[in-house]
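The values are calculated or read from the model by the stated rules, or taken from the named source; none is laboratory data. Since we're looking at a predicted model, the values are computed, not measured. Virtual Cβ from ideal backbone geometry, glycine too; neighbours counted across all protein chains shown. To get the accessible areas, we keep the full protein, side chains included, count just its heavy atoms, and leave off ligands, DNA and RNA. Shrake-Rupley method; radii C 1.70, N 1.55, O 1.52, S 1.80 Å.
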Amino acid sequence: MRVLVSGGGTGGHINPALAIADKIKKENPDAVIEYVGTQKGLESTLVPKAGYRIHFIKVKGFKRKLTLENFDALIKAFTSVSAAKKIIKQFKPDIVYGTGGYVCWPVLKAAAKMGIPTFVHESNAYPGVTTKMLSKYVDKIMFGFEESKKYLECDKNKMMLVGTPVSEKMLCANKENARKAISVPDDAKMVVSAGGSLGAMALNENAYELIKNYTLPNNIYHYHATGNAGWEEQSELYRKLGFVETEKDVLKKGNVTVCRYIYNMYELLPAADVAICRAGAMTLSELSILGKAAVIVPSPYVTNNHQFKNAKVLSDKDAAILIEEKNLDGKSLIKAVKSIIEDDEKRKNMENNVRTFAVTDTLDRIYGVVKELVK
C-alpha cells in the first residue's frame, strides 16, 4: 500500500496524521508512506523525526482581512495544486489523507480530481476552513466530535464519527514504565505544561511563576515547553533563575526542565500527576485515554471559541480544572496545581472522571475506512 499524507502548521494537525500513518505501518509493514507539508510548518521537523519522508510545497493561508498577502496566497493556491499533482504522479499513492492545515487543500483536491481515494479527519468541534473546502471533493470526512457534522453542507453518507487519533505509544503507555524511562521516582510528584507547538504567551508567563514560586522550591518534577514563539524570551528568564543549558534548546535546574518543544510527550504525559495545557482535541483525547488530571486554559483565539466548549465538557464533570485565559495569573495557576498535587483523593477522582471520555479504538475505525477505500 502506498499512502500520501498531509497536515501542517501545528501539532494539532500533524500528530493525528502521524498517528494514522503509524497505525497503517503497523498493520502493513510493507506500506510506503510519505508526507506533504511546508518548510515553514512544524511538520518539517516532526515528520522526519517520526521516520517519514516529506515533500515540500509552497502554499499560504488567507488572511481574514483584505491584504496584499492574500494576492500571494491566491497565486500559491493555484501553483500548489500543480506542485501537489506532480508529487502524486511521481509517488503513485493508493490513498491520500489529510488532517487539516492549509497545506491539505492542494494535496487532497489534486488527488480527488485524479480519482485517487481520499479522506480528511477533522479533530475540532468546529471544522476548519480547509475541511469545509475539501468536503465536496473527498470520499470520507471523519470527525472527533459529533457536533462537527452540522457545520458542513455535503453528502451525509460520507461523514463518520471516529474520535481523535492518538498515537499507539500513548495508547500503550502506563505511568510506571513512563517514569522508569525518564528516571522519575514512583513517589515523586510531577507536572507537565505546554501551550501547544507554537507556544502560548499567557501559559508561558504563568508557568514561569508556577516554577519560580512552587514547583522549583518544592523539588517537584516539572517539564515545561515554551513553544517556538516563546523560547527566546523565556529561556533568558530561566537562565537568570540559574537554569543551565544541558543540550540544545533544553534548560535544567533541580527537578525542573524547560525546553522549546517536547518531543517525547508519549513518555512525559503518562508519567505526570498534573498536566497544564490548552484544549485542543488531540490534547483532550490524550488526557482522557491516559486518565490525567489537568488544569486547562483554552485558547481564546480560535474559531467559535471551540476550545472553551471542549474544556467545559470536562470541567462540568469534575474531570479537569478550567481557567479562562482572561482569569489566569500566577496565583490562580499555583492554587489549581497545588489543589491537585496535594490532594490525592481529588486527583484520583479527576483521573477516574476524565477516563469516561476516552475513545480507545479511533485508529481501528480509521484503518477500517482506509482498507475500504483502497479496496
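Select from the range 317-330 the residues that are of a type in the set (D, E, K, R) and in a helix (DSSP H, G or I) and write down the one among them that is surrounded by the most Cβ atoms within 10 Å (Cβ to Cβ). Applying the filter and picking the extreme gives Glu325. For the range 92-173, the strands (runs of 3 or more DSSP E) that sit wholly inside it and include 1 or more residues that are among the β-branched types (Val, Ile, Thr) and under 20 Å from Ala21 (Cα atoms) are 95-98, 118-122, 140-143.
Results for (1) open to solvent by 30 Å² or more (accessible area, probe 1.4 Å); (2) over 17 Å from Val359 (Cα atoms); (3) not hydrophobic (A, V, I, L, M, F, W, C), shown as yes or no for each residue.
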site: Phe143; (1), (2), (3): no, no, no
site: Lys150; (1), (2), (3): yes, yes, yes
site: Asp155; (1), (2), (3): yes, yes, yes
site: Met159; (1), (2), (3): no, yes, no
site: Pro185; (1), (2), (3): yes, yes, yes
site: Ala194; (1), (2), (3): no, yes, no
site: Ala200; (1), (2), (3): no, yes, no
site: Glu209; (1), (2), (3): yes, yes, yes
site: Asn213; (1), (2), (3): yes, yes, yes
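For the range 78-127, which residues satisfy the criterion of being surrounded by 24 or more Cβ atoms within 10 Å (Cβ to Cβ), touching a residue at least 40 places away in the same chain (Cβ under 8 Å) and among the aliphatic types (A, V, I, L, M)? Result: Ala84, Val96, Val103, Val107, Leu108, Ala111. For Glu209, the conditions (1) closer than 30 Å to Glu232 by Cβ; (2) acidic (Asp, Glu); (3) within 24 Å of the chain's Cα centre (by Cα) are fulfilled apart from (3).
Name every residue in the range 9-40 that is in a loop (DSSP other than H, G, I, E, B) and either under 11 Å from the mean Cα position of the chain (by Cα) or without any contact (Cβ under 8 Å) to a residue 40 or more places away in the chain (or both), in order of residue number. Once the filter is applied, which keeps residues that are in a loop (DSSP other than H, G, I, E, B) and either under 11 Å from the mean Cα position of the chain (by Cα) or without any contact (Cβ under 8 Å) to a residue 40 or more places away in the chain (or both), the range 9-40 yields Gly9, Thr10, Asn28, Pro29, Asp30, Ala31, Gln39, Lys40. Filtered by the rule that a residue be among the charged types (D, E, K, R) and under 12 Å from Pro300 (Cα atoms), the range 319-334 gives Glu324, Glu325, Lys326. Considering the range 218-233, the residues that are surrounded by fewer than 23 Cβ atoms within 10 Å (Cβ to Cβ) and farther than 21 Å from Arg179 by Cα include one that is nearest to the chain's Cα centre (by Cα), namely Asn228. A count restricted to the range 247-263 and to residues that are in contact (Cβ under 8 Å) with a residue 40 or more places away in the chain and either within 16 Å of the chain's Cα centre (by Cα) or under 16 Å from Arg179 (Cα atoms) (or both) stands at 5. Restricting Leu284, Leu314, Leu333, Leu373 to those that are assigned to a helix (DSSP H, G or I) and within 15 Å of the chain's Cα centre (by Cα) reduces the list to Leu284.
Only one entry of Leu328, Leu322, Leu363 meets the criterion of being touching a Phe, Trp or Tyr at 6+ places or on another chain (Cβ under 9 Å), of a type outside the set (Val, Ile, Thr) and farther than 23 Å from Ala188 by Cα, and that entry is Leu322.
I'd like the residue in the range 47-58 that is touching a strand residue (DSSP E or B) at 6+ places or on another chain (Cβ under 9 Å) and in a helix (DSSP H, G or I) and, out of all such residues, is least open to solvent (accessible area, probe 1.4 Å). The selected residue is Val47. Residues considered: Glu232, Glu176. Of these, the only one that is at pLDDT 95 or above and over 21 Å from Asp343 (Cβ atoms) is Glu176. Restricting attention to the range 296-310, which residues are surrounded by 24 or more Cβ atoms within 10 Å (Cβ to Cβ) and either among the β-branched types (Val, Ile, Thr) or at pLDDT 90 or above (or both)? Listed by number, the residues that qualify are Ile296, Val297.
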